[in-house]
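Shown next, in structure tokens, is the structure this report addresses.
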Amino acid sequence: MDTTSRLLMLLDVVERGSFASAAEGRNIDRSVISKQISKLEEELAVRLLNRTTRSISLTAAGAEMVKKASELRELLNETVRMAENYHLEPRGTIKMTSSTIIAKRYLQPVINDFQKRFPEVEIELILDDKVMDIVSEGIDLAFRVGELKDSTLIARKLARNRLVILASPEFIKTYGMPNKMSDLKSLPAASYFSKTIRVTSIEYENALGEHAEQEINSVFRANDAEILLLKALSGSAFVVVPAFILGDEIINGQLIPILTDVKLLDYRDMYVIYPHRDLPVRTRLFYDAVRDYIGKVTPIWEKNIPHFDRLYQGEHRG
């Protein structure tokens with residue numbers, strides 16, 4: 001192993017926080033990592049890490065080496081991207097991440113068609129809702145709902161993503177059709193719940209154009225949007241969900257938009273995130289294919305909701 005490889009290994013250890021994590025990511029033994037870092041320190045004749053039984057920390061020299069290693073990784077990646085762009089036929093691997101529902105509904109159809117067109121391209125898809133360090137994980141594209149927090153990455157809006165309030169015909173038969181937002185307070189609701197997000201109310205704009213909030217009676221909570229839809233389909237709860245999770249449930253009459261004259265606040269848009277402006281040809285072509293599939297003006301999911309452009313935009317009932 002040469003000095004360049006050992007510098008990149010040091011960077012990996014620091015970004016992942018431990019020898020064990022770096023070893024796991026590389027699928028090698030922890031002792032190999034430790035031995036190579038020691039050799040790097042011998043080559044450079046300087047201590048790079050302070051080691052204890054429980055933690056590691058960078059020395060001043062180590063911090064400088066990590067900075068240079070990061071620049072080196074970017075230079076190497078840029079060199080590879082430039083070389084790849086000279087291929088007439090896209091090839092290589094696209095590594096991407098998204099939530100399960102985005103992958104099922106909007107990425108897998110594109111992947112299937114893309115690999116028929118470009119059989120030399122391999123796809124690695126990681127299904128995870130958690131925020132990932134896409135640089136250290138080697139991710140080419142991340143598909144997420146919500147704005148980008150890390151300004152060092154590139155984010156491009158794929159599509160708008162509005163909210164809908166839905167109930168099944170059975171629910172409406174049992175509880176009646178709500179006429180105003182305050183009616184929802186006493187009705188059973190299904191809502192999203194996770195370690196970081198807990199939906200307990202619906203935000204909307206009242207008749208005065210003011211921000212308002214209606215509490216809901218959440219009797220069922222889950223961190224999976226498809227599970228929430230299944231609960232609504234059972235007729236035992238209404239649900240408030242972003243439109244992108246819907247299939248043909250409304251067209252088929254299984255779910256009905258309710259309180260459609262209320263102006264709901266827009267939900268977080270869908271974005272694609274990537275680490276570099278200069279995308280390899282294969283990655284840029286795949287990104288373009290996803291944009292074409294979702295729709296550059298009207299998102300594909302809105303086409304499954306009749307007259308959606310008129311819903312949740314008009315008169316307000318508090």
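Using helices alone, I'd like the mean residue ellipticity at 222 nm for the chain: each DSSP H run of four-plus residues gives -39500 (n - 2.57), total over residue count, nearest 500. Could the numbers behind the result be given before it?
Working: 8 runs with 102 residues, N = 318.
Rounded to the nearest 500, it is -10000 deg cm²/dmol.
If you run the Gaussian network model on the chain, springs between alpha carbon atoms under 10 Å, then out of Ala45, Ala237, Ala225 the most flexible one is Ala45.
Could you work out the relative contact order of the chain, using alpha carbon pairs under 8 angstrom and six or more residues apart, expressed as a whole percent?
Values: 513 pairs, mean separation 65.6, N = 318.
RCO, the chain: 21 percent.
Straight-line reach from Lys185: taking Cα to Cα under 29 Å and skipping same-chain neighbours fewer than 8 places apart, the lysines in range are Lys173, Lys195, Lys231, Lys263. Within the listed set Leu75, Leu166, Leu279, the Gaussian network model of the chain (springs between alpha-carbon atoms below 10 Å) gives the highest mean-square fluctuation for Leu75.
Distant-in-sequence amide contacts of Ile94, defined by a placed amide H-H separation under 5 Å and a gap of 5 or more residues or a different chain, comprise Glu122, Ile123, Glu124. What you get for the chain, charging only the Cβ of Lys and Arg (+1) and of Asp and Glu (-1), is a dipole of about 300 debye around the Cα centre. Remark: relative contact order (segment 3-77) = 31 percent; criterion is Cα-Cα distance under 8 angstrom and separation of 6 or more residues. If only the Cβ of Lys and Arg carry +1 and only the Cβ of Asp and Glu carry -1, the dipole of segment 3-77 around its Cα centre is close to 200 debye. Projecting the Cα atoms of Pro169, Thr298, Leu158 onto the charge dipole of the chain (Cβ charges, centred on the Cα centre) puts Pro169 farthest toward the positive pole. Each DSSP beta bridge with both residues in the chain is either parallel or antiparallel, and the antiparallel ones are about 60%. For segment 1-95, the residue among Ala61, Ser5, Ala23 whose Cα projects farthest onto the positive side of the dipole built from Cβ charges is Ala23. When +1 charges are put on Lys and Arg Cβ atoms and -1 charges on Asp and Glu Cβ atoms, the dipole computed for segment 195-247 relative to its Cα centre reaches about 320 debye.
Only the coordinates and a few stated rules stand behind these numbers; no lab work does. Predicted model only: the values in this text are computed from it and were never measured. Please note: Cβ atoms are built from the backbone with ideal geometry, for glycine as well, and neighbour counts cover all protein chains shown.
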